[in-house]
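Values in this text are rule-based calculations from the coordinates and carry no lab data. Worth saying up front: this structure is predicted, and the values here are computed from it rather than measured. FYI the Cβ positions are ideal-geometry reconstructions off the backbone, even for glycines, and counts take in every protein chain you see.
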Amino acid sequence: MDPLTWLAQRRAQGTLRRLRPLERPVAGGLYDVAGRQPLVDFSSNDYLALSCHPRVIATGRRFLEEYGAGSGAARLMSGDLTLHHRLEEEIACFKAQEAALLFGSGYMANTGLIPALVGRHDVVFSDRLNHASIVDGCRLSAARFVRFRHNDMDHLAALLADKRGKGRALIVVESLYSMDGDRAPLPELVRLKEEHDCLLLVDEAHATGIFGATGAGLVEEAGVTRQVDLVMGTFGKALGSYGAYVAADQVWIDYLLNRARSFIYSTALPPAVIGASLGALAVVRNNPGLGQELLARAHFFKEALAAHNIGVESASQIVPLLIGDSATALALAARLNEAGFFVTAVRPPTVPANTARLRFTVTLHHSDADLGRLADVLQELQSGHHPS
């Protein structure tokens, strides 16, 4: 199919993606350049508002001035700076693992480490709602790719009994699902991986910094840190910076350093980014209640929606409002934009067909007034009234 026809089809289906230039002042607001309008951002993953925290900014600035703008090379060439090792040591300690390895992004981590762990004589079992980076990592691995129904442990058990095979087997899940806001049943996953002699990889991208006694994530909260073989996560969400990591026993980190192509053949993360990530980890360590404060605000928002008879299902700071039809979701997002709220309509193929939604993310940038006002506006829009 030629590009013009393909684009026309996506436009007709309401699934054509476009970029939208925005301004984001350091205070955490959002400014629509085209509409000349300030907006309250409900699509950001900056959950703990650390992207504009003074310590995060100051540490990033100091590293920029001391070490320069770039690392200059891949880690296995001359780009392996002591500051990279410092961040790896800090994240390994934070995650209570022996060691860690940095990657350029969450996508690069998952598409690098999964093909390093399994190959064409192996099998990978993946939750059906796993992130696209996990799906692509599974496909790149050339391993047998088996998908189980979302959070359905009976289905996974049956598939393991039938398709485990004799090679290496990997189970991969997200601890907190980015489009639904629900959690993986980690203790049951640990039981199944031990029963069937599998590796277990858990993506903690949306849980790190928020859940657990120290903010290390849902693996910590579930008490299964030593039973999960590899924990992957990102710095670009609650930690407010950029990049990603995998934390595990030293032998796995040594193995990935030699096998993960997206690590081996990529320029190392720049010093300012490393500094910002170190600053963010320090803030979370010194303020272990930040995650609970965020979850309290999310609870306030969900209660405000419930008071307006707006039903949502969420166990986290991610609050999806299912719409179904892509065009309807786009129209509602546009109306919310007019009322001063930036909310993204998430459509297929990011989510399954006929499950287009508005994905609200609560952050520490939001006040109770912001959350209450958004709930009021949603109620007005759903009742057919124009927001006052």
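The equivalent ellipsoid that matches the C-alpha gyration tensor of segment 1-115 spans semi-axes of 34, 24, 16 angstrom, in descending order.
How many angstrom lie between the C-alpha centres of segment 43-73 and segment 214-284? Measuring centre to centre over Cα atoms gives 16 Å. Taking amide hydrogens as placed 1.01 Å from N in the peptide plane, the amide H of Arg147 sits under 5 Å from those of Ser126, each at least 5 positions away in sequence or on another chain.
The distance between label points at Cys52 and Gln9 comes to 4.2 nm (points 7 Å beyond Cα on the Cα→Cβ vector).
Starting from 0.36 nm per residue, how many nanometres of slack lie between Arg191 and Ala331 once their C-alpha separation is accounted for?
Details: separation 140, 0.36 × 140 = 50.40 nm, distance 4.45 nm.
Contour length minus Cα-Cα distance gives 45.9 nm.
Annotation: amide H-H contacts under 5 Å for Asp122 (H modelled 1.01 Å from N, sequence separation of 5 or more, or interchain): Arg144.
Below 11 angstrom from the Cβ of Leu176, what's the summed charge of the other residues (Lys, Arg +1; Asp, Glu -1)? Can you show the working numbers first?
Working: positive: Arg183, Lys237; negative: Glu174, Asp180, Asp182, Asp203, Glu204, Glu221.
My count for the surroundings of Leu176 gives -4.
For a quick check: sort Leu364, Leu257, Leu218 by the number of other beta carbons within 10 angstrom, fewest at the front.
Values: Leu364 19, Leu257 15, Leu218 23.
Least crowded to most crowded, the residues run Leu257, Leu364, Leu218.
Put simply, the amide H of Asp229, placed in the peptide plane, has neighbours under 5 Å in Leu200, leaving out anything fewer than 5 places away on its chain. Coupling constants for segment 160-177 follow from the phi torsions by the Karplus curve (6.51 cos²θ - 1.76 cosθ + 1.60, θ = phi - 60°), and in residue order they are 4, 5, 8, 10, 4, x, 9, x, 6, 10, 10, 9, 10, 9, 9, 6, 9, 7 Hz; glycine and proline get x. For segment 8-13, 3J(HN,Hα) computed residue by residue from phi via the Karplus equation (6.51, -1.76, 1.60; θ = phi - 60°) reads 5, 5, 5, 5, 5, 7 Hz, glycine and proline entered as x.
Sorted fewest first by neighbouring Cβ atoms within 10 angstrom, Thr82, Thr267, Thr225 come out as Thr82, Thr267, Thr225. Neighbour counts of other Cβ atoms within 10 Å put Cys198, Cys93 in the fewest-to-most order Cys93, Cys198.
Net charge in the neighbourhood of Met232 (other residues with Cβ under 9 Å of its Cβ; Lys, Arg +1, Asp, Glu -1) is -2. The phi-based Karplus calculation (6.51 cos²θ - 1.76 cosθ + 1.60; θ = phi - 60°) puts the 3J(HN,Hα) values of segment 367-378 at 8, 4, 5, 4, 5, x, 5, 4, 4, 5, 5, 4 Hz, whole numbers, x for Gly and Pro.
Could you tell me the relative contact order of segment 239-388? Use alpha-carbon pairs under 8 Å, at least six residues apart, and round to a whole percent. Could you put the intermediate results ahead of the total?
On the way: 149 pairs, mean separation 30.6, N = 150.
Rounded, it is 20 percent for segment 239-388.
Normalised by the residues of segment 54-286, what does the relative contact order come to in percent, with Cα pairs under 8 Å and at least six apart? List each step's numbers first, then the result.
On the way: 488 pairs, mean separation 74.2, N = 233.
Relative CO of segment 54-286 lands at 32 percent.
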